[in-house]
Each structure stands twice: as structure tokens, then as C-alpha cells.
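Nothing in this text is a laboratory measurement; each read-out follows from the coordinates by a stated rule. Predicted, not measured: the structure shown is a model, and the values here were computed from it. With ideal geometry, Cβ positions are generated from the backbone for all residues, glycine too; neighbour counts draw on all protein chains shown.
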Amino acid sequence: MGIHVIKMPDLGEGIAEVEVVAWHVQPGDTVREDQVLADVMTDKATVEIPSPVAGTITSLGGAIGQSLAVGAELIRLEVAGAGNISADKARKEPVQSGAATAAAEEVAEPQLEAVAAHASAAPAPAPAAAPAKPAPAKSAPARAASGALQRADGEKPLAPPAVRQRAWDLGVELQFVPGSGPAGRITHADLDAHVAGRRGGAANGAMDERYSEQHGEHATQIIGLRRKIAEKMQEAKRNIPHFTYVEEVDVTELEALRLQLNARYGQERGKLTLLPLLMRAVVLALRSYPMMSARYDDEANTLTTYDAAHIGIAAQTESGLMVPVVRHAESRDPWSSAAEIARLAEAARSGKATRDELTGSTITITSLGALGGIVTTPVINRPEVAIVGVNRIVDRPVIRDGAMVARKMMNLSSSFDHRVIDGMVAAQFVQSIRGYLEFPATLFVE
Amino acid sequence: METINTTLLIIGGGPAGYVAGIRAGQLGIPTVLVEGAQPGGTCLNIGCIPSKALIHAADEYAKTMHYAAQTSPLGIKVDAPSIDLEKTVAWKDGIVKRLTGGVGALLKKQGVRVVRGWARVLDGKTVEVQPHEGSGQEPVRIRCEHLLLASGSHAVELPFMPFGGPVISSTEALSPSEVPRRMVVVGAGYIGLELGTAFRKLGSQVTVVEAAERILPAYDADLVKPVASSLERLGVEVRLATSVLGMEGERVKVRDASGVEAYLEADRVLVAVGRKPATTGWGLEHLMLDMNGRAVKVDEQCRTSMRNVWAIGDLTGEPMLAHRAMAQGEMVAEIIAGKRRWFHPAAIPAVCYTDPEIVVAGMSPGEAAAAGIDAISASFPFSANGRAMTIESTDGFVRVVARKDNHLILGWQAVGVGVAELAAGFTQSIELGAQLEDVARTIHAHPTLGEAVQEAALRALGHALHI
């Protein structure tokens, strides 16, 4: 029997750290060749790691959510034959990573038993145990009504050490538990009653499930895509002084045209939503405002503008927000854009989107569709400098030539990086988009 | 250089560190403990244990001297007692060795790897250990997920009177080669008084110099009174409100409150003016942790300002007590194992092994008043306790402090021979949230000093039986 160590593979240029998002095996499992062992995630793409050999898992290289350096030990198997690491070496130094950067070292050498023991001692997102509520028929103990001492502000709850420890384990703050014991002492029974939520209805004299107190606490580890989203959002908001501009657009003509186009060409070319038309308007507006299709490297003080319009489309997926990119939107007519959006959205939702399909946008459009609301404050997809948000279309009374008429109105809420985009320019850019949308023929002429 | 990887790395094998190690071992956390000297820290090696041993020996010797003076009412007479100090110190060292060896065995039993040598922190996850010179061992590097700092404390040195020559700290005082003829003790805190009293009983002329207005400034005046009269009876000279200015030859220069300077002859000068956290010389500065004065700042879970770096024991400041350190160590190990724990003791007891002993747990009457609590207190003197009479020590009392409205016990204080052992009951009653009635209605064994505990509670309720 030999030891075979699988290291974290290099998943692409410039990637130094990869996050483990799922283990499909546990120590002791027997695996065959090509069986998927783990899911790991880089910047945005999730990659499955298959086993190159058949064997028995002896240890995992990290907990879920942990980032491992490329080249760090990912998994260790016992295999028939020699394996790829000598037993002696394996015992002494689990990881012999070439990439010995400080950051890599930091995570590259977890002692293996250590990790296993730790994982078993501290199960990750275990919801704090809140025992099931009793049937309402059970009457609350009479104690509930008895004169439990009301604690004054800042007064410490009084409970024996055993009750304190149990409260910690249950995740209950004793400050909120009434004590029925002498001098307001909190007893085990008080804690049970509190956890069971029996006290909730005491004030009304009867149990009322609608108003019962809830005591569950559910810790969720923010890992994987959600962690990436959190980091990106935090970075964007921390680094970019956002400037948000909201303008209303009369889309009556645009909607009429869209319905016409769908009626006439829908069968053969596919139906158009508003989004591809808006993309075209953005592409046309970018001709006069090229600084909006840009990426700003604030550390190098370099603003790179792009002649191309690689438009990111914010899409909701089951695991969270993703931004697939319609590359070279300037070269697509609305139907081509629509098809590409549909393809990318599907890829993103099914988790098949490639890294290339998820990076490289130069401006982003975000739309919540029917949930678009009146106004949003979009967060810029850093390092871009502009994001255009679409709000809901509503029929609204508008004054036209002195008379009130019903028009289809839609707000555009757009945010800009105020470090490099001045307010005036931003406003002019949005007005330009509005111009194209309100006179939709121009979308096809220019 | 060999690299050891572990989950938990503990720096320091004193009561804080070794308890954290044992508990971590029990919980299955891979743990490495680094200790430069003997395991057991200050407490076992140069603190609590050896000082209590020396105090016991001094007490026994003083008793024989008392009998030799033929003044004992017990009718016991002895002739010309003497003490072989070398043997005394060897006996004390034997106890220390047994205990430190025991700590090592406990750590080993729980699978904790002990690395001998002085640790040097490189960053929050890496420590280098330099072995002792001449040990022939290579330095090792240890990497960890959790770093637990438990470096302890040192005796504070007076800048104008550094340790060396006749000027000694408690460490040297606990391994005397001879009984000094004249000893000056600087500082009338519990360490100075415990050791000063012991040397007086061994035959030294002892002068205690204290800058404050009274001895044991941390304790209330009633508690301290029996200790003060005992010092007087033993012939310990106490100079209060007096500052030490420095050494001049073999004399200690002092100045009293009125500005009068004096010289005190001394063969040995024991400086016992407090302890300070051991924060230098081992790379702590590399972590740039938030500090709380001279101590490392920690929250109620003993977390420092750096993630997964923890600090416990004397390093985290007052109260510098071994039992507090142990409780912190146990807690941190449990938190690292994934349990939810907080350091929220209802009371941390403290004991002075003066003659007679002082023990406190929870609030004194003054502290309760300062906290704005409407409290009652009552004390019961040992002069009314039968057991106290039978051991010739009727000095002292037990005092209880409780809330007036619901009789919840807030604190206990006692002074008297042997009262240190009452600490367990005191602290337990506070932790359990006992009321005066709980203690008053508990049958206390007769004849014991503990009856004074029950009587104090009864007296607070207004119906003491034996007074």
C-alpha cells in the first residue's frame, strides 16, 4: 500500500488560491478512478476535482470554505502500489509545495489529523438546537404566572454554572430568561420553558402560537459564490464613491415597437424583451461616451477604456448573483443579443458558465424585471465605472401638449464611479440612452 | 529546520497554559505546548506552592520556638529546637518536583506534545523555538491555527534598586541558603507579608516598608486588623506611608510621610511590589496586539485583537491568580473545540496566606455600596466558635454580604487561621445564587470553623444562635 497525494491543481492564470466548496468524499471512503472528490471554486468558476487513482481516502486537506493555495495538498489516499509520496516523507511533512509564498504557506500546511479532528469537533453550520414546540394543548406550567423577578437594566441574570453552560450550548441569552427560583434565580426548568417558547403567551393568559417567541439561531458559513459576492460588493462600496442618477424614460413607443417586432418576427427570430433593446441603446450612447466602457485600476491609477462594449448582465441564480458577459455587444443586433443573453443566463443558472463567460465586462446592466421597483441604487461591478439599472415599466399620467395622457414610463437608475466620471458626463450619458429609447427607430438607424 | 504543524499552540506551561493543554487534549485538539523552564510556571516553581511550603515549615518551627519559650498553655515543652534550612529547602523542592513532574505526565497522557525551549513569535500562526544551549537540539518552527499566549508575569523591579546582590525577588526568597539576620521587605501586599512573616518565624529581624497608609491595601480595614496585630505580636516592624529611596551600601534608605529619612540595616532586601505581565523578549510585539495598560487586552472569551490569537492568565492582567488562569485556559480550549463559552464567573476567590489567613470571594460591603446595591452584611467572630478555641486561634471572623431585598449572597470575607479552605464554600454559594437562608438552613458540621459561616448568615438574618 502506498500514499497518493492529490494537490490543488493550477486552474488558470494568476490564480493562487482556490476555495473548497464541497467535499464529495470523507476519510474512509473508497473511490474509483475519475470519481469526483471535491468542488473547488476560483474567482468565479466552480471546478470538480476527479480522482486520478482508485484508493481509500485517508484525509482531506481542509474544511469547506477554506482557501487552499495552488499546489497545496487537497486530499490523501491510500492506494495499491507505491503511491506518489514516500511514507516517511508523508509522515514528516505533509505538504511540499513549490509555491512557497507567504500567503500560500499560510494555508498550505494544515496538519491533517488536526483538520479532521477540528472538523469533527466543530461541525460547521449546525443550526442551534431549538427543540420542537410543544402542542398548544399542553398547558403552560403554573410557574409561568408566578412572580418571576423582573431584572433591572444592566442587572446580571442569576443562574448556577450548570444552567449557564447549558444556556451557552443552546445559544440562549440568559438575560431574556425569566427566573422563577428564589431571588430570581434561573433554573433548568426556566431554561426549558424558555426554549420551548411556553412563556410567549403567558401575558395573554393563554397560549397563542401566532405570537410565540422563537429561539432558533442558524449560523451559515458564508462560503463559495456567496463569499465572492460579499467580497466584491464590499470592495466596490469601500473603494468607489458611487454617484447614482435616476431619470424617467417614456417607453411607450419602444414597447409598441417591441410588440410589433415580436408579432412579426417572433416566430423566426425569437421574442425580444426590453433588455436587448436597452443594450443597443447603451452601445450607441457609448459611441459618444467611450469613457463609460472602461475598467479603472485604482492602484495603478489607470483608466482603460474599451472600444468594444462587453456588457455584463446581472443574473440571479440559485446560489446568488452572477454577471455573465455579452461580449462585443456592439456587433450584435437585438435578436443576436437576446439569444446570447438567454444562452448565458442558462449557463449561469446551471453552473456551466465558463470563467471567460463570467469575466471581462466593461459596463453592466442590472434588471430585476417585474420587481424593478421605482428606484434602485446599483452597486458598480468593480473595476468598471458605470452600471445601468432598469426599473419597472408603469402606466403613468403624463402631460403632453397641455393634456394628460397615459404613457408607459420606466426609470433608469444608474451608478457611476465619481472618481473618474463627472456628474455632468454621467447625466449626459443617461440622457443619450433615453434619447435612443424614446425614439426607437434610431436604434436601428445608427 | 524541522517544522511542526498543529491546531493549537500554547506558549507557556504555567497554570493557564498547562490546563488549556490538558483540556485541549481531552477534546481531541492536536496541541503543542512550548515551555522554556519547568512546566507549572510561576505557581508551581517559584510562587504559590513553594511559598506555602516555606510558610508551613516556618509555622512549624515557630511553634517549637513557642514551646521552647515555655509559654504555651498546652503544657508542651521542648528544648533548644533548631532548623536545618538546607533540608527544609530540599523538602520544598521535592514537592515542586513532584507537582511539575505530575503536570508533565498529565500533558503526556492527553497527547499534548511539549516542546522545551524559549518560544519566539514570528507571526500570528508561526512560532520558532530556540532550545536550551548545550541541549544539542535544533531550533524548530511550529505552525498553528490557534495561538494561545500564556507567558505569565514577572516580579516588578524597582528601577533604582534592581534585583541582584542583597536585593532579591520572591523567587530567590523561596530558596534561601540561610536565614538572613536582618531582612527588609519592600511592599506590604500579600507576597511581601507572607514571606516577611515566614522569615520572621524562621528567626530574621524583619522590617516591612509600605508606601500606602496600611498593609494589604487591596483588602478592607476590618479584614486586615488581625493580620496587623499578629505582625506586631511576632515582632515584625511595619513602616507605613514610607518610600524606599534605594540602597546605600548594605542599608536601605527610606523616607517617611513627614520627610524624615532613615537607614535600615539589611542582609537581604525582598522587593515585592507587584507583578507585571511578561510581554517582552519573546516576539509579542510582532503581533501588534491591542494592549490594556501593560497587559494584553482580551475580550470575555480571551480573544486578543488578532483572529485566532488568544491570551490567558497573568499576561492578561489582574487579578493575577492561578485559578483564574486555569479557568481561562479550560474555556479557551473548549471554544477552540467549537463550544460556546464565556468567561463569566460570578466570583473569583482570593486567598492571602498571611498569619492569620485572609480569604475573599465576591463583593465586600464597600464594593456593594459602591455598586449602588442596598446590601446588608454581618460577621461572626471566631472568638465564639468552639473549634477556633481548640486550635488556639480565636482571632478573626467570617463576614457575609447580601442584598437587602432578596437576601442573595453577594460576597464573603474571612480572616483567621485555616480560613483559606472556606473559599470553596464561599465561591460555590455565590455561583449557585444562594440566599442567606440557603446557607443558614444548611447543617454545618460541628465542631468546625465552617459553623461561623452558617452563623454569619444567621446573624445577617437577625437570629444568630451562638452570639
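Over the C-alpha trace of the range A:363-446, radius of gyration and Dmax come out as 14.6, 46 angstrom.
How big is the dipole moment of the range B:350-460 about its Cα centre under a simple scheme where the beta carbon of each Lys and Arg is +1, that of each Asp and Glu is -1, and everything else is neutral? Debye, nearest 20, please.
Using Cβ point charges on Lys, Arg, Asp and Glu, the range B:350-460 gives about 220 debye.
Across the range B:350-460, Cα-Cα pairs more than 16 Å apart make up 54 percent of the total. Give me the net charge of residue A:334's neighbourhood, meaning all other residues with Cβ under 13 Å from the Cβ of residue A:334; Lys, Arg count +1, Asp, Glu -1. Spelling it out: positives minus negatives among the neighbours equals +2. Entry note, the range B:167-273: relative contact order of 37 percent, from Cα contacts under 8 Å with a spacing of 6+ residues. Per residue, the convex hull spanned by the alpha carbons of the range B:82-186 comes to 177 Å³.
Mean sequence separation of contacting Cα pairs (under 8 Å, at least six apart), scaled by the length of chain B, corresponds to a relative contact order of 14 percent. Per the Cα gyration tensor, the range B:167-273 maps to an equivalent ellipsoid with semi-axes of 19, 18, 12 Å, ordered largest to smallest.
At 222 nm, what value in deg cm²/dmol follows for chain B if DSSP H runs of at least 4 each add -39500 (n - 2.57) and the sum is divided by all its residues, to the nearest 500? List each step's numbers first, then the result.
Numbers: 13 runs with 145 residues, N = 467.
Dividing the helical sum by the residues of chain B leaves -9500 deg cm²/dmol.
Only Lys, Arg, Asp and Glu carry charge here, each on its Cβ (+1 for the first two, -1 for the last two); on that basis the protein assembly as shown has a dipole of about 1380 debye about its Cα centre. Between A:364, B:121, B:401, the Cα set farthest toward the positive side of the dipole of the protein assembly as shown (charges on each charged residue's Cβ, about the Cα centre) is that of B:401.
Where the alpha-carbon atoms of chain B are placed on the principal axes, they occupy 68, 60, 45 Å, in descending order. Each of B:328, B:42, B:196 was placed along the dipole of chain B (beta-carbon charges, centred on the mean Cα), and the one lying farthest toward the positive end is B:328.
The relative contact order of the range B:81-218 comes to 15 percent, based on Cα pairs under 8 Å that sit 6 or more residues apart. Considering the dipole of the protein assembly as shown built from charges on the beta carbon (Lys and Arg +1, Asp and Glu -1) around the Cα centre, which of A:263, A:197, B:81 is farthest to its positive end? The residue sitting farthest along the positive end of the dipole is A:197. At what distance in angstrom do the alpha carbon centres of the range A:285-352 and the range B:212-259 lie from each other? Taking the Cα centre of each part, the range A:285-352 and the range B:212-259 sit 81 Å apart.
Taking every Cα-Cα distance in the protein assembly as shown and sorting them into 20 Å bins from zero, the calculated P(r) comes out as 11, 29, 30, 20, 8, 2, 0 percent.
How big is the charge dipole of chain B about its Cα centre, in debye rounded to the nearest 20, if each Lys and Arg gets +1 on its Cβ and each Asp and Glu gets -1 on its Cβ?
Values: 44 positive and 50 negative charges, 190 e Å.
Dipole magnitude for chain B comes out near 920 debye.
Rounded to the nearest Hz, the phi-derived 3J(HN,Hα) couplings of the range A:407-424 under the Karplus curve 6.51 cos²θ - 1.76 cosθ + 1.60 (θ = phi - 60°) are 10, 7, 10, 9, 8, 10, 10, 10, 10, 9, 7, 6, 5, 10, 10, 7, x, 4, where x marks glycine and proline.
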